[in-house]
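The values are calculated or read from the model by the stated rules, or taken from the named source; none is laboratory data. Treat the numbers as computed from the prediction; the structure is a model and nothing was measured. Neighbour counts are summed over all protein chains in view; Cβ atoms, including those assigned to glycine, are modelled from backbone coordinates with ideal geometry. Side chains included, ligands, DNA and RNA excluded: accessible areas come from the protein's heavy atoms. Shrake-Rupley method; radii C 1.70, N 1.55, O 1.52, S 1.80 Å.
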Amino acid sequence: MIPISGITVAGQRVMAIFALATLLWVSELVPAYATSLTILGLLCIATSDSAPYMLKEALEPEFMLSYSRIMSSLAAPVVILFMGGFFIAIAATKYKLDINMARVLLQPIGTDYSKVMLGLMGITAIFSMFMSNTATTAMMLTLLTPLLKSMDHNDLGVKGMIMAVPIAANVGGIGTPIGTPPNAIAFRYLTGEYAMGFGDWMLFAIPMAAILIFISWMLLRKVYPTGIDNIHLEIDSEFDQSRDALIVYGTTAATIILWITSSLHGINSYTVALLPVIVFSLCGIISTEDIKQINWDVLWLIAGGIALGYGLERSGLASAVVHTIPFDTMGIVLVLFMLSIVAMIMATFMSNTATANLLMPIAVSIATVLTGLDAFGGLSVVVICVALSASMGMSLPISTPPNALAHATGMVGSKDFIKMGKFVSSIGVLMIFACMVALGSAGYF
């Protein structure tokens, strides 16, 4: 028997599935998406109303999971939200909207090394708010390639410039609900009385990202002093004026505007995300071959987390586990700080998406037993703290795909990520925690 009082049979089975998922996600014995699909299958077979008779007999009816609810995780609103983001990213790359935007925004910066680095970080962060962090990093490192060839590779400034890209991509992702999967996972809990619009998220997240980008820029200049004074970044590209390109430009702009202004027109972010999906599909901008480029593994990974969260909640396991720890006797601020630190540490050694998938349901259950949490922003402050802190796990090459891409250039090593990550991650988590407590106490959420 599992030594947790009040645990149900369904809870015991969900705990076994949770333990298996944790082992597979941490060890990476199989692809992360395979773990998520395994979760869906095991939950249906072992804990749902579609389980074999021999397994269903022992399940308490009130704690039995719905197989349709488990499977609907694959088409949950937050999955559609991310799909809309992927359609925009693919179309933007196909018609060079991303490269041309980078050209327009970077050209006025000049040639001063420090200003170019700051500009590069700013553009990377902006793109990562609406595109995959991985795709953004790949694009920006590609833009840097001709520049790096002309620089002295023994100068620390080269390392600093390369490190600037993944750091900006990781940090910039916190700016919007679709910037990174942990944000999307948190966003699905922000419904009902805790409902939050796309623009509401951006109002507090973008300033935090901007401050952390600036701090990271100053740290990079300190850690990687350079003798390079001037640098010239050439981007040879022009805006496509074809019909399809204009449709991409207009639809992308309309989608972003509708996301930001959802509180004015009443259309939620999930429904708005269908706009680029429908328009690009009907107009032939996204073809059958293009659809294959969608990161289905990310969508399935998120779906697995949603299903696991449902299982933990419905089976009563999350509540039983939380009640074994006296969180209600601890200070709310201490609990929030502990959750933030745990999220960052876990995300350093495993996928930040997997971290959010595992930790978010537990954090939500903890929130239900914290007396007086409403004075600090309620459930909102808990899930946002965990999501944003998970994005701060960036101290190793394996921590995030942007880190891995930068490491693959061969110009930065593990020591560089540890050197910068220990500062950026620590400062980021402390800033997120302080801002969330302050905003929550002020009644923002």
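The helices (runs of 4 or more DSSP H) falling completely within region 347-412 that include 3 or more residues that are open to solvent by less than 10 Å² (accessible area, probe 1.4 Å), closer than 17 Å to Gly305 by Cβ and small (Gly, Ala, Ser) map to 352-369, 379-390. Per the listing Ser50, Ser66, the residue uniquely modelled with pLDDT of 90 or more and open to solvent by 50 Å² or more (accessible area, probe 1.4 Å) is Ser50.
Could you please let me know if Ile39 is in a helix (DSSP H, G or I) and open to solvent by less than 10 Å² (accessible area, probe 1.4 Å)?
Values: in a helix (DSSP H, G or I): yes; open to solvent by less than 10 Å² (accessible area, probe 1.4 Å): yes.
Yes.
The condition of being surrounded by fewer than 20 Cβ atoms within 10 Å (Cβ to Cβ), modelled with pLDDT of 90 or more, of a type outside the set (A, V, I, L, M, F, W, C) and out of contact with any helix residue (DSSP H, G or I) (no Cβ under 6 Å at 6 or more places or on another chain) does not hold for Thr93.
Of all residues in region 124-140, count the ones that are buried (at least 24 other Cβ atoms within 10 Å of the Cβ) and either assigned to a helix (DSSP H, G or I) or small (Gly, Ala, Ser) (or both).
The first filter runs over region 124-140 and keeps only residues buried (at least 24 other Cβ atoms within 10 Å of the Cβ), leaving 124-125, 127-129, 131-133, 136-137, 140.
Filter once more, so that each one left must be either assigned to a helix (DSSP H, G or I) or small (Gly, Ala, Ser) (or both): 124-125, 127-129, 132-133, 136-137, 140.
Number satisfying all stated conditions: 10.
Condition check for Phe280 on (1) open to solvent by 10 Å² or more (accessible area, probe 1.4 Å); (2) touching a residue at least 24 places away in the same chain (Cβ under 8 Å); (3) more than 26 Å from Met196 (Cβ to Cβ): one failure, at (1).
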